[in-house]
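Enquirer: Dumping the structure here so I can ask a few things about it.
The values are calculated or read from the model by the stated rules, or taken from the named source; none is laboratory data. These numbers come from a predicted model, not from an experiment. Cβ atoms come from the backbone with ideal geometry, glycine included; neighbour counts cover every protein chain shown. All accessible areas refer to the heavy atoms of the entire protein, side chains included, with ligands and DNA or RNA removed. Shrake-Rupley method; radii C 1.70, N 1.55, O 1.52, S 1.80 Å.
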There are 4 protein chains.
Amino acid sequence: MISVGIVGGTGYTGVELLRLLLRHSSVKVTVLTSRTEAGRRVDDMFPSLRGHTDLQYSDLDIELLKQCDVVFFATPHGVAMKHAEALVAANTKIIDLAADFRLQDLKQFEKWYGLEHACPEILKQSAYGLSELNRDQIKTASVIGNPGCYPTTVQLGLAPVLKASTALVDPSSIIIDAKSGVSGAGRKASLGMIYTENADNFKAYGVAGHRHHPEIVEALENISGQKNVFNHILFVPHLVPMIRGMLSTIYVDLTEEGVQADLQGLYEEFYKNEQFVDVMPAGSTPETRSVRGANQLRIALYKPQPKKLVILVAQDNLVKGAAGQAVQNMNIMFGFVENQGLDGIGLLP
Amino acid sequence: MISVGIVGGTGYTGVELLRLLLRHSSVKVTVLTSRTEAGRRVDDMFPSLRGHTDLQYSDLDIELLKQCDVVFFATPHGVAMKHAEALVAANTKIIDLAADFRLQDLKQFEKWYGLEHACPEILKQSAYGLSELNRDQIKTASVIGNPGCYPTTVQLGLAPVLKASTALVDPSSIIIDAKSGVSGAGRKASLGMIYTENADNFKAYGVAGHRHHPEIVEALENISGQKNVFNHILFVPHLVPMIRGMLSTIYVDLTEEGVQADLQGLYEEFYKNEQFVDVMPAGSTPETRSVRGANQLRIALYKPQPKKLVILVAQDNLVKGAAGQAVQNMNIMFGFVENQGLDGIGLLP
Amino acid sequence: MISVGIVGGTGYTGVELLRLLLRHSSVKVTVLTSRTEAGRRVDDMFPSLRGHTDLQYSDLDIELLKQCDVVFFATPHGVAMKHAEALVAANTKIIDLAADFRLQDLKQFEKWYGLEHACPEILKQSAYGLSELNRDQIKTASVIGNPGCYPTTVQLGLAPVLKASTALVDPSSIIIDAKSGVSGAGRKASLGMIYTENADNFKAYGVAGHRHHPEIVEALENISGQKNVFNHILFVPHLVPMIRGMLSTIYVDLTEEGVQADLQGLYEEFYKNEQFVDVMPAGSTPETRSVRGANQLRIALYKPQPKKLVILVAQDNLVKGAAGQAVQNMNIMFGFVENQGLDGIGLLP
Amino acid sequence: MISVGIVGGTGYTGVELLRLLLRHSSVKVTVLTSRTEAGRRVDDMFPSLRGHTDLQYSDLDIELLKQCDVVFFATPHGVAMKHAEALVAANTKIIDLAADFRLQDLKQFEKWYGLEHACPEILKQSAYGLSELNRDQIKTASVIGNPGCYPTTVQLGLAPVLKASTALVDPSSIIIDAKSGVSGAGRKASLGMIYTENADNFKAYGVAGHRHHPEIVEALENISGQKNVFNHILFVPHLVPMIRGMLSTIYVDLTEEGVQADLQGLYEEFYKNEQFVDVMPAGSTPETRSVRGANQLRIALYKPQPKKLVILVAQDNLVKGAAGQAVQNMNIMFGFVENQGLDGIGLLP
């Protein structure tokens, strides 16, 4: 049984972490902080937790956090890095669900997040928490940068072809047309997020540039071992009038080898031991509701034109795209069975 | 470990039963039937189950069902009663999620369901599966009529005042203004149920009469021990553009004793040992999303006028209103811990 | 052709007024104010207006407003009353879509809105803008208090029985279970209003008391000519996950005369000349989508129990419940055909 | 005043045609047919029309249709072509909202629609009703094939670059990631269309092939005057949980000339006289709700990478994508002002 702290427990990733961790049999959540709600019971703010916990929010007290085995940061960008040194020194592990430990390229970090990095040395030793692809580094890391929701779909969607021994796709041709439910924007009092501005509506956003673009580029470089070929890929996110769920439609040109390859077989083989990545049978279309509330990502492949591959990737942005993958990383770090606390079945309908 | 059969596994209550039972550690689902999908894997129809089961649909084979310890009927009305005798004779318990064993009054059953009852003797010995109120009968019954979704909210919302030692409310004054998500209508190809006819829309339905009215009347008579005082209560259901969730707003006139009584205290006391019934603090408003996917019912009380009580009751119609309560009844029948397989936390958001 | 000013053009009632007034052939909108957006084109904020207007927001300039024939206030409560004297003196008519001129009872106004009234003398001479019931006063008034959305449904739903020559209903028995789409809460950056807090969710709110309760009480007193019999009626609003639309389900006990009366005939007769009030055939259930975007209110009557009347009333809260009725009142005040600019057909689907 | 017939008045395009035509001052709808609802009032089926028409459905009587000046077919594919000869002979014009007159390539028609064409000669003389691009042919045609909803967005989104005097884009690189509201699937009792299967969900469909692909290919060939370069473009439609609305995100590689060109200026110039096509200012993102109920299509352009163009195109699939464009075509055919009956402002919110 390990003790867990959550910093920033009033957002959607915070309450989602609680939903998962309160049912995890090797974990006890001992600290839950909030800048604004200290002293309030968490189940007063989130009635879904009534009957499941007596936790109260507290102010962020670094001494209390040091006593935890692991601390999740479900905070805005820039918070985790301020406290990383102290926690690492105290042998407390960190899983940051914000962006502080996602980008090794400090210039990109500063450009897109407008922050100077507070602990570049710790960043260098941190692991990028895409569980299926970086399991070995995650096992031994002290600090995990939990991936962004969109980048998770792109990496798991492309890894089998990018890691293949022969070049199957043209990396510069990648286009990611991504769609997310509104919870991806967090829990904030913002005019653009109110019900009446989003319901029965669809739009693109961030077309000129989105923070997940540099994360995707760096991650695909790491996966493929190729530099400078992904800089010009297109990533266009859209907002779907739904609460949870994310679907990325990825378009990529096939090489001659790619045209000949058994891609369905390649993907099935690549993920055959991964319980959280589901390569669906040919002809399937993954629906976001099939993973609602579940730490699951589903992939389907199409070749509607001879030289083009279309990869459909669906996940729950709050689970495999955030809190679920964070718990998966914790399981890896502490040697728990990887699906502990993560074997819930999604709500369909 | 008991073996479980599910008859009618292609509807929403069927897949919801599977979601719960596949995670129940004392249960193995061994039979799953469908008239139309025999031979098909259930996770082909419901991809949320991929990775969680290899079950296939089979035709209804009474011999196979007899080998089960308990059979759930997630079928249209009229199916369970046809097979009840054979199963009871084989010592297989039955939990019917349809209406065959809800009404003891055969005339009402025939009037509202247009069916002659196939086994009135078994009906007489069956128990009405409102878990919290009928636990003793459920424990020993062979056949359970699982309550309708609306009646569950009404009974648990009114039981504390109707069972009080003094008359606190005027039973004839009861008005139930009920609202349900669309999943309450099941999974059927019907024009009135399509997305474009229900989204961004609100309406009442069944105002002139609804099958749950006689069930509510009979149940309230049993709870209160009073006959003929509930016949003229009003029950008006409405359809909400949401998937899951049910809220009943119950209006009732208080007697002089009722005006004086500490009703909040009465409710809290009445349900103090019930983990699935949550009497919220005064001033709360239960939201359906706070119970999304959870076997939980929440109640809040208001006295906006001196002699009027307003009772708000929220549940997930597919869980506490259907499949969850069915599993709760199974747990009671087989002596399992009552929340086994039912301790999941709802998805909020 | 009259010149029209709109004060507060950045909310939903503001843009709805524009949608209607820009298509009204006897009107030219000349002034559109905003405290925060002065200098910005309105179609930059509301792209639905692109191609339909070149209007820009300006600061509130009372001299400019005085040159208008009529000024609509689509502002928070308390703004219109500050400018009423100046405008009335300049012979500019006022239609206030907020509450400043809804309640003649100043104590109730101060209690519920927390404001001292700025111009009680003008209030006394103002007319309450429920078009169908107060047409004569509206014709000659300088200042109109446009009704609240909920009170509009209640008044039009109850007027025929309350104005009948014999007592058909028990006024103290009235219960209004009302349901509104989210746009009723306006366009505000508020956590409680964001998409993820409202979608796929249903709840009651304001159960302990709502500002529309005193407005309903005063209005029903005026309609019926009876004082002190409506004080204890119940009014419980609920929030529906939809953009527009409102349905009030009104429950009332019938007197002996009421039980005998042809209520369907009474309603049809009462509204036979009202194009914006539709008494639907017996057995109908009005859906909110049937009035989406239309200045229309639909009523259906049920007697599910011999002595109980259930009145269903549907409208679009932003049209007949706000901007549409405001334009209807303007048409009455200026002698235009009453449906000018208001004959659009609702969007179904 | 012309007389208009509508064949197939029980679907969403049928009721949308009525919404528009009943407010068109030069038109009288005289015939409205339905195979299943003959004798029923249309406002009984679609209560939004109550108070606006007394029309009843009738059986399809070719003699009655011949007396119309124009007949709209809002029917399944294959109906209009059966009646085209008789109507053309009677000098009655035809606007078919199904696919019978969309494809000149008969093999493609037969392949995708499974029907042999009933009147190839009439097809040859028919005009493809993309109003802005084919105005001259539409003016004089007897028969119009009203474009599919997706193809409308693609053609208007790409026409300026495809019609430019120099090659600005690589035609073979076109990828169309399209998203539609559920009303695009029509009004049918189908399990896949029910509320609970679509709400809070997102998915691709028809990835392996969709009927609008050949229509897009043929249309782009006609627009560009180039054959055989569009056969391998990608078109992937997705289903959005909303009622109305369509957004196509179009990706295309720029040539060297294209990289240098002022594309924003090109588009603005191309559509400067088109009231129903709105080229939004640089940096805008068209939202579907900005055109809800309006015959309007909005375009925005992005160059997120130096050699890539992203074109966002939004419309209401039932209006500019179906019934609205059909009325626009009627206006062109009969010499009415092109926006007659089509100047309504969209509902936002």
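Enquirer: Conditions first: (1) within 14 Å of chain D (Cβ to nearest Cβ); (2) in contact with a Ser or Thr (Cβ under 7 Å, 6 or more places away or on another chain); (3) surrounded by fewer than 24 Cβ atoms within 10 Å (Cβ to Cβ). C:Q275 passes all but one, so which condition is the exception?
Expert: The failed condition is (2).
Enquirer: Further, regarding this structure: Would you be able to say whether some residue in the stretch B:283-291 is within 13 Å of the chain's Cα centre (by Cα) and crowded, with 18+ Cβ neighbours inside 10 Å?
Expert: no
Condition check ((1) more than 13 Å from chain A (Cβ to nearest Cβ); (2) part of a helix (DSSP H, G or I); (3) touching a residue at least 40 places away in the same chain (Cβ under 8 Å)) across all residues:
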{"site": "B:K303", "(1), (2), (3)": "yes, no, yes"}
{"site": "B:G321", "(1), (2), (3)": "yes, yes, yes"}
{"site": "B:Q328", "(1), (2), (3)": "yes, yes, yes"}
{"site": "B:I345", "(1), (2), (3)": "no, no, yes"}
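Enquirer: Out of (1) open to solvent by 10 Å² or more (accessible area, probe 1.4 Å); (2) more than 8 Å from chain B (Cβ to nearest Cβ); (3) of a type in the set (A, V, I, L, M); (4) closer than 27 Å to B:S248 by Cβ, the odd one out for C:I216 is which?
Expert: That leaves (1) as the condition not met.
Enquirer: Here's another thing I want to ask about it. Has the stretch A:112-125 got any residue that is closer than 30 Å to A:F334 by Cα, within 17 Å of the chain's Cα centre (by Cα) and open to solvent by 10 Å² or more (accessible area, probe 1.4 Å)?
Expert: no
Enquirer: For B:L309, indicate whether it is more than 8 Å from every other protein chain (Cβ to nearest Cβ) and without any contact (Cβ under 8 Å) to a residue 60 or more places away in the chain.
Expert: Spelling it out, it is not the case that B:L309 is more than 8 Å from every other protein chain (Cβ to nearest Cβ) and without any contact (Cβ under 8 Å) to a residue 60 or more places away in the chain.
Enquirer: Output the residues belonging to the stretch C:87-96 that are under 23 Å from C:Y113 (Cβ atoms) and open to solvent by less than 20 Å² (accessible area, probe 1.4 Å).
Expert: Scanning the stretch C:87-96 gives C:L87, C:I94, C:I95, C:D96.
Enquirer: Follow-up question, since we're still on this one. Looking at (1) farther than 23 Å from C:N339 by Cβ; (2) over 22 Å from the mean Cα position of the chain (by Cα), which one does C:S26 not meet, given that it meets all the others?
Expert: (1)
Enquirer: Helices (runs of 4 or more DSSP H) wholly in the stretch D:131-209 with at least 2 residues that are more than 30 Å from D:D69 (Cβ to Cβ), touching a strand residue (DSSP E or B) at 6+ places or on another chain (Cβ under 8 Å) and modelled with pLDDT of 95 or more - which ones?
Expert: In the stretch D:131-209, the matching helices (runs of 4 or more DSSP H) lie at D:149-162, D:195-198.
Enquirer: Here's something else I'd like to know. So if I check each of B:D43, B:D100, which one is part of a helix (DSSP H, G or I) and either within 23 Å of A:S290 (Cα to Cα) or at pLDDT 95 or above (or both)?
Expert: When all the criteria are applied, what remains is B:D43.
Enquirer: List pairs: first residue in the stretch B:3-23 and of a type outside the set (D, E), second residue in a helix (DSSP H, G or I) and open to solvent by 20 Å² or more (accessible area, probe 1.4 Å) anywhere in the structure, Cβ distance under 8 angstrom, at least six positions apart or on different chains.
Expert: Partner pairs satisfying both residue conditions: B:G5/B:L64; B:V7/B:H83; B:T10/B:M45.
Enquirer: Could you please let me know if D:I250 is hydrophobic (A, V, I, L, M, F, W, C) and touching a strand residue (DSSP E or B) at 6+ places or on another chain (Cβ under 9 Å)?
Expert: Yes, satisfied.
Enquirer: Same structure, new question: Take A:N231 and decide whether it is under 19 Å from the mean Cα position of the chain (by Cα), surrounded by fewer than 24 Cβ atoms within 10 Å (Cβ to Cβ) and under 30 Å from A:L106 (Cα atoms).
Expert: Judged against the criteria, A:N231 is not a match.
Enquirer: A further question follows. Do we find that A:P286 is in a loop (DSSP other than H, G, I, E, B) and more than 11 Å from chain D (Cβ to nearest Cβ) in this structure?
Expert: No: the conditions fail for A:P286.
Enquirer: A further question follows. Say whether the condition of being under 23 Å from D:Y195 (Cβ atoms) and either under 20 Å from the mean Cα position of the chain (by Cα) or touching a residue at least 24 places away in the same chain (Cβ under 8 Å) (or both) is met by at least one residue in the stretch B:157-168.
Expert: Taking every residue of the stretch B:157-168 in turn, none turns out to be under 23 Å from D:Y195 (Cβ atoms) and either under 20 Å from the mean Cα position of the chain (by Cα) or touching a residue at least 24 places away in the same chain (Cβ under 8 Å) (or both).
Enquirer: At pLDDT 95 or above and in a helix (DSSP H, G or I): which single residue out of A:E268, A:E274 fits that description?
Expert: Going through A:E268, A:E274 in turn, the sole match is A:E268.
Enquirer: For C:F270, state whether it is within 30 Å of C:G5 (Cβ to Cβ), touching a helix residue (DSSP H, G or I) at 6+ places or on another chain (Cβ under 9 Å) and either assigned by TED's automatic domain parsing to the domain that holds C:G14 or open to solvent by 20 Å² or more (accessible area, probe 1.4 Å) (or both).
Expert: Answer is no for this residue.
Enquirer: What number of residues within the stretch B:12-26 are touching a Ser or Thr at 6+ places or on another chain (Cβ under 8 Å) and either among the charged types (D, E, K, R) or open to solvent by 10 Å² or more (accessible area, probe 1.4 Å) (or both)?
Expert: Within the stretch B:12-26, residues that are touching a Ser or Thr at 6+ places or on another chain (Cβ under 8 Å) and either among the charged types (D, E, K, R) or open to solvent by 10 Å² or more (accessible area, probe 1.4 Å) (or both) number 2.
Condition check ((1) within 11 Å of chain B (Cβ to nearest Cβ); (2) of a type in the set (K, R); (3) open to solvent by less than 10 Å² (accessible area, probe 1.4 Å)) across all residues:
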residue: C:V154; (1), (2), (3): no, no, yes
residue: C:G157; (1), (2), (3): no, no, yes
residue: C:I176; (1), (2), (3): yes, no, yes
residue: C:S190; (1), (2), (3): no, no, no
residue: C:F202; (1), (2), (3): yes, no, yes
residue: C:G209; (1), (2), (3): yes, no, no
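Enquirer: For the stretch C:43-63, how many residues are in contact with a Ser or Thr (Cβ under 7 Å, 6 or more places away or on another chain) and open to solvent by 70 Å² or more (accessible area, probe 1.4 Å)?
Expert: Looking only at that region, the number is 1.
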